[in-house]
Amino acid sequence: MTPTDPLLRVERVSKSYGSERVLRDVSFEMDRGDVVVLIGPSGSGKSTVLRCINRLTEVDGGDVFLDGERVTDPDADVNDLRRQVGMVFQSFNLFAHLTARGNVMLGPRRVLGLSEEEARRRADEQLALVGLEAQADSYPAELSGGQQQRVGIARALAMEPKLMLFDEPTSALDPELIGEVLSVMLDLVERGMTMLVVTHEMSFARSVASEVLFLDGGRIVERGPPERLFERPEHDRTASFLRRITELHS
Ligand SMILES: Nc1ncnc2c1ncn2[C@@H]1O[C@H](COP(=O)(O)OP(=O)(O)OP(=O)(O)O)[C@@H](O)[C@H]1O
Ligand SMILES: [Mg+2]
């Protein structure tokens, strides 16, 4: 690692499932504190990009580097990588038999090997940061979707990751619950977290993205700062995608 290394470097990543090419030569970089938003139609490969970064999916070609370390190296320590990269899913994925606190404590206990007491302290700290100190003892079934997703974010943060990946974190939520999750994500941006976010919440992208990447057919078709990309897309495919999204959200 050298001080000039970006935090994340995705270099010509490609991936196929059978004969279907899902990612083609995807390249981008993120510096510390950057917020990159990934948009694109269903099936364009957005989730696959995130999954290649924390090796839930193996790339066929190209490389991913985190802090200068080649995470796509077959010998790389995947558990160590997952400690450094937090992921938040569309569908929360909380354990139903554990309380909010129990869900957040699990990683620090099992993966980081913290004591019960340390893990509890860390969980309570993270739950407070997402505004859920009063819900620490609640089970997922007793929480709203927005609260469950905030537990999901606290769970990822409890590992003190270098990079956070969000895969459509608000798309399973009722409209009135989206705001509370976005506001937790905005706090996180302000605290300097490096975030790669798949979302079609354009106002979020507009206010915090350092760069927006538009993916179509497994390629980055267009990229740029949100103002430029949203207002003056250079490609027809970007323009028509943005029109569809705007219609859906208005
Ligand atoms: N495990 C898998 N096996 C086979 N095909 C897969 C697998 N995972 C993804 N695919 C295919 O890869 C393509 C890209 O999928 P991906 O989930 O990355 O798209 P996406 O942009 O996240 O879509 P969405 O907006 O619907 O979430 C799709 O055609 C999908 O069917
Ligand atoms: Mg997806």
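The values are calculated or read from the model by the stated rules, or taken from the named source; none is laboratory data. Since we're looking at a predicted model, the values are computed, not measured. Don't worry about glycine lacking a Cβ; one is built from the backbone with ideal geometry, like all the others, and counts go over all protein chains shown.
Here are the numbers:
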{"item": "Scan of segment 1-23 for residues that are farther than 18 Å from residue 54 by Cα and in contact (Cβ under 8 Å) with a residue 24 or more places away in the chain, ordered by number", "result": "1, 2, 5, 21"}
{"item": "Restricting segment 59-83 to residues that are in contact (Cβ under 8 Å) with a residue 12 or more places away in the chain and of a type in the set (Asp, Glu), the residue that is surrounded by the fewest Cβ atoms within 10 Å (Cβ to Cβ)", "result": "60"}
{"item": "Restricting segment 166-220 to residues that are in a helix (DSSP H, G or I) and of a type in the set (D, E, K, R), the residue that is farthest from residue 151 (Cα to Cα)", "result": "206"}
{"item": "Yes/no for residue 50 being more than 12 Å from ligand 1 (Cβ to nearest atom) and modelled with pLDDT of 95 or more", "result": "no"}
{"item": "Sole exception among (1) free of Cβ contacts under 8 Å to residues at least 40 places away in the same chain; (2) surrounded by fewer than 18 Cβ atoms within 10 Å (Cβ to Cβ); (3) more than 15 Å from ligand 1 (Cβ to nearest atom); (4) under 20 Å from the mean Cα position of the chain (by Cα) for residue 27, by number", "result": "(1)"}
{"item": "Members of segment 67-110 that are in contact with a helix residue (DSSP H, G or I) (Cβ under 6 Å, 6 or more places away or on another chain) and in a loop (DSSP other than H, G, I, E, B)", "result": "71, 92, 94, 95, 96"}
{"item": "Residue within segment 190-201 that is polar (S, T, N, Q) and surrounded by fewer than 18 Cβ atoms within 10 Å (Cβ to Cβ) present", "result": "no"}
{"item": "Segment 111-134 - residue that is small (Gly, Ala, Ser) and not in a helix (DSSP H, G or I) and, of those, nearest to residue 149 (Cα to Cα)", "result": "131"}
{"item": "Selection within segment 198-224 - more than 16 Å from ligand 1 (Cβ to nearest atom), small (Gly, Ala, Ser) and in contact (Cβ under 8 Å) with a residue 40 or more places away in the chain", "result": "209, 210"}
{"item": "Exclusive hit being closer than 18 Å to residue 81 by Cβ, within 15 Å of the chain's Cα centre (by Cα) and more than 16 Å from ligand 2 (Cβ to nearest atom), set 51, 55", "result": "55"}
{"item": "Filter result (over 17 Å from the mean Cα position of the chain (by Cα) and in contact (Cβ under 8 Å) with a residue 12 or more places away in the chain) within segment 141-156", "result": "141, 143, 144, 145, 147"}
{"item": "Of all residues making up segment 8-48, the number that are outside any strand (DSSP E or B) and either touching a Phe, Trp or Tyr at 6+ places or on another chain (Cβ under 9 Å) or within 16 Å of ligand 2 (Cβ to nearest atom) (or both)", "result": "9"}
{"item": "Unmet criterion (only one of (1) modelled with pLDDT of 95 or more; (2) over 12 Å from the mean Cα position of the chain (by Cα); (3) assigned to a loop (DSSP other than H, G, I, E, B)) for residue 161", "result": "(2)"}
